[in-house]
């Protein structure tokens, strides 16, 4: 952990600020690279148990490159009208495909709570499980597991950046 500078918040406060930002936002931008060509794609996510869960087309470039390389990076940020309002999360990690089970069931319930409009795409009374999402949208459920996370916050000071564990 970097040496604390005068005026920097304690690590617990930084972790709390990072968690608040993650829970306030909806979109995670995932970045991948293949054959020296970078790519970025935004996805709706739900954050649970230190991982980001999202649906995506298994043939999409960000999924195929992430699964092939075993690596991906991610960024989350909110709207900022001025430099003092810039807050964000920068991460590196990996993407994994999820199958039917307790983990995917919990992720889908969290996703439906966060993105309630999703229910509009299904018939009333239909079981909203992984099979329903897969057949309706031709997507799979994935999770981004960060291995390194940084929280950035210019409201603390210009260029403030600190590693956090979530």
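Every read-out reported here was derived from the displayed coordinates using simple, explicitly stated rules and does not represent laboratory data. What you are looking at is a predicted structure, and each value in this text was computed from that prediction instead of being measured. Every residue, glycine as well, gets a Cβ built from its backbone with ideal geometry; the counts of neighbours run over all protein chains shown.
Could you sort 119-132, 75-88 so that the peptide with the highest average Cβ count within 10 Å comes first and the rest follow in order?
In descending order of packing, they fall as 75-88, 119-132.
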Legend entry - Theoretical gain in end-to-end length, residue 39 to residue 135 [0.36 nm per residue, Cα-Cα removed]: 31.9 nm
Inset, instruction - Give me the angle, in degrees from 0 to 90, between the Cα long axis of helix 11-24 and the longest principal axis of the Cα atoms of the chain, rounded to the nearest 10. - result: 40
Inset, instruction - As a check on your grasp of the helix formula, calculate [θ] at 222 nm for the chain: sum -39500 (n - 2.57) over DSSP H runs of n ≥ 4, divide by the residue count, round to the nearest 500. - result: -8000 deg cm²/dmol
Inset, instruction - Normalising by the residue count of segment 11-161, find the relative contact order in percent from Cα pairs under 8 Å and 6+ residues apart. - result: 27
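For the residues 135, 69, what sequence is obtained by ranking on other C-beta atoms within 10 Å, fewest first? Before the final figure, lay out each step's value.
Working: 135 9, 69 13.
Lowest to highest Cβ neighbour count: 135, 69.
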Inset, instruction - Evaluate the distance, in nm, between pseudo-label points positioned 7 Å from the Cα of residue 29 and of residue 113 along their respective Cα→Cβ axes. - result: 2.9
Inset, instruction - Round to the nearest 10 and give me the degree value, 0 to 90, for the angle of helix 102-114's Cα axis relative to the longest principal axis of the chain. - result: 70
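With a 10 Å radius around each residue's Cβ, average the other Cβ atoms per peptide and rank 10-18, 139-147, highest first.
Values: 10-18: 14.9, 139-147: 18.9.
Most protected by this proxy first, the peptides run 139-147, 10-18.
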Legend entry - Using distinct alpha-carbon pairs, which all enter the 1/r mean, Kirkwood radius of segment 11-161 in Å: 16.4
